[in-house]
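Heads up: the structure comes next, in structure tokens.
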Amino acid sequence: MNVKLLIFLCLWPFASLAQGFSGLGTDATGFATPQSEPVFDFPADHGAHPDYRIEWWYLTANLQGPDGTPYGLQWTLFRSALAPGEAPGWQSPQVWFAHAAVTTPDMHLATERFARGGIGQAGVEPEPFRAWIDDWYLRGPDFDELTLRATGPTFAYDMALTAQGPLVFHGEGGFSVKSAEGQASYYYSQPFYKISGTLTLPEGDVDVTGNAWLDREWSSQPLSDNQSGWDWFSLSFDSGAKLMGFLLRQTDGTTFSSSTWIAPDGATTAYPDGAFAAMPLQQSTVAGRAVPTGWQVTLPDRDLDVTVSALNPSAWMDLSIPYWEGPVSVMGSHRGTGYLEMTGYE
């Protein structure tokens with residue numbers, strides 16, 4: 001196949017980024033849609049769901065080097081469908097897309113890969129678990145014991161992950177509502193990984209240890225057409241508790257929020273729109289854009305009032321789909337670390 005045509009086919013599902021992030025807010029006629037009261041089937045649901053239009057396996061990690069220097073790591077595999085279902089070979093309607101990044105206090109290194117489905121270049125197998133694109137992979141005998149690898153022009157990493165707690169489900173048992181109109185996704189996480197390994201940076205190798213958080217989500221229209229972007233927080237506190245929270249910014253200036261409080265033993269409390277709040281405190285100019293890189297995050301029901309600050313305000317993912325993503329520190333009523341993702345900042 002012509003290389004330019006292949007690149008076009010890979011990028012086509014993402015062409016409507018400015019109008020809804022890969023078509024996330026556009027009509028999904030013909031695709032399956034998430035339904036309330038889901039029943040998950042593991043390990044099968046760790047794999048791909050080709051009847052849904054968009055899906056991801058999204059890993060972030062807060063790391064520390066031997067001298068105490070903090071680092072961040074991201075590895076994400078996306079699946080986007082041109083049509084529902086699967087077919088052999090080049091007839092497959094599945095497009096695969098992946099990001100990898102490393103953030104240090106003074107550098108943000110990011111790269112990407114593309115693949116067409118059906119030819120073995122990328123995919124996900126649930127048991128034993130294997131998610132891959134080219135020579136990048138997240139794999140292991142099951143979802144609890146994984147190895148991770150990615151390489152880029154200026155960096156690489158090889159890591160081992162071990163789960164120290166259970167899977168957690170967001171929203172109503174994994175049915176995560178994203179708008180007042182009812183758009184939703186299936187959404188669960190493994191936020192309890194311990195991670196260790198080696199970062200290969202321009203100045204050399206660094207051995208690191210830390211904590212990692214893996215998000216699994218799939219849908220066909222997870223946003224409404226009046227939503228312009230999101231601010232997503234995954235925070236891990238020194239107490240062992242954790243918080244996932246997001247704001248979806250709407251074109252009328254309002255927001256839609258959702259959050260999950262995760263106890264140290266994995267017990268969850270889901271909070272509806274309005275319970276979780278995040279207010280920008282500091283703006284940074286990143287890639288010519290004003291981006292909020294300091295936030296006040298509150299969840300009154302948990303007496304949570306914290307300041308969330310970027311390790312590196314310049315953590316801009318300058319890729320085919322640009323966005324901000326990087327590690328953060330947490331100070332205030334609770335202390336800890338986490339990750340922040342922000343999309344839709346023009």
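The values are calculated or read from the model by the stated rules, or taken from the named source; none is laboratory data. Please read all numbers here as calculations on a predicted model, not as lab measurements. Neighbour counts run over all protein chains shown; Cβ positions are idealised from the backbone, glycine included.
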**Message:** Which condition from (1) crowded, with 20+ Cβ neighbours inside 10 Å; (2) of a type outside the set (S, T, N, Q); (3) part of a strand (DSSP E or B) is the one that L109 breaks?
**Reply:** (1)
**Request:** Scan the stretch 256-265 for residues that are within 19 Å of F246 (Cα to Cα) and assigned to a loop (DSSP other than H, G, I, E, B) and jot them down.
**Result:** A263
**Item:** Test result for L77, crowded, with 16+ Cβ neighbours inside 10 Å and at pLDDT below 95
**Value:** no
**Request:** Considering (1) touching a Pro at 6+ places or on another chain (Cβ under 8 Å); (2) part of a strand (DSSP E or B); (3) in contact (Cβ under 8 Å) with a residue 40 or more places away in the chain; (4) surrounded by fewer than 16 Cβ atoms within 10 Å (Cβ to Cβ), say which one P141 fails and leave the rest.
**Result:** (3)
**Complete:** Screening G245, G294, G288 for residues that are more than 21 Å from K178 (Cβ to Cβ) and at pLDDT 95 or above leaves only G294
**Message:** Quick check on my filter: what residues within the stretch 294-323 are without any contact (Cβ under 8 Å) to a residue 40 or more places away in the chain and in a strand (DSSP E or B)?
**Reply:** G294, Q296, T298, D305, T307, S309, A310, Y323
**Message:** If I filter the stretch 270-283 for residues that are part of a strand (DSSP E or B), free of Cβ contacts under 8 Å to residues at least 24 places away in the same chain and loosely packed, with under 13 Cβ neighbours inside 10 Å, do I get at least one hit?
**Reply:** yes
**Prompt:** Are any residues in the stretch 298-327 over 23 Å from T76 (Cβ atoms), surrounded by 17 or more Cβ atoms within 10 Å (Cβ to Cβ) and either modelled with pLDDT under 95 or not hydroxyl-bearing (S, T, Y) (or both), and if so, which ones?
**Reply:** L299, R302, L304, V306
**Request:** Report whether or not F256 is out of contact with any Ser or Thr (no Cβ under 8 Å at 6 or more places or on another chain) and either at pLDDT 95 or above or over 27 Å from G197 (Cβ atoms) (or both).
**Result:** no
**Message:** Take the conditions surrounded by fewer than 15 Cβ atoms within 10 Å (Cβ to Cβ) and within 27 Å of Y193 (Cβ to Cβ) and apply them to A263. Does it pass?
**Reply:** yes
**Asked** How many of the residues in the stretch 126-138 are in a loop (DSSP other than H, G, I, E, B) and touching a residue at least 24 places away in the same chain (Cβ under 8 Å)?
**Response** 2
**Request:** Starting from residues that are touching a Leu at 6+ places or on another chain (Cβ under 7 Å) and not hydrophobic (A, V, I, L, M, F, W, C), keep the ones in the stretch 63-73 and report whichever is surrounded by the most Cβ atoms within 10 Å (Cβ to Cβ).
**Result:** G72
**Message:** I'd like to know if the stretch 171-192 contains one or more residues that are in contact (Cβ under 8 Å) with a residue 12 or more places away in the chain, touching a strand residue (DSSP E or B) at 6+ places or on another chain (Cβ under 8 Å), more than 23 Å from L243 (Cβ to Cβ) and part of a strand (DSSP E or B).
**Reply:** no
**Prompt:** If you go through the stretch 86-96 one residue at a time, do you hit one that is under 25 Å from Y193 (Cβ atoms) and either in contact with a Leu (Cβ under 8 Å, 6 or more places away or on another chain) or in a strand (DSSP E or B) (or both)?
**Reply:** yes
**Asked** Picking from L63, L77, which residue would you name as being under 15 Å from L201 (Cα atoms) and part of a strand (DSSP E or B)?
**Response** L63
**Item:** Number of the exception - F246 against (1) touching a residue at least 40 places away in the same chain (Cβ under 8 Å); (2) surrounded by 19 or more Cβ atoms within 10 Å (Cβ to Cβ)
**Value:** (1)
**Request:** Of all residues in the stretch 203-238, count the ones that are in a loop (DSSP other than H, G, I, E, B), in contact with a Gly (Cβ under 9 Å, 6 or more places away or on another chain) and not small (G, A, S).
**Result:** 6
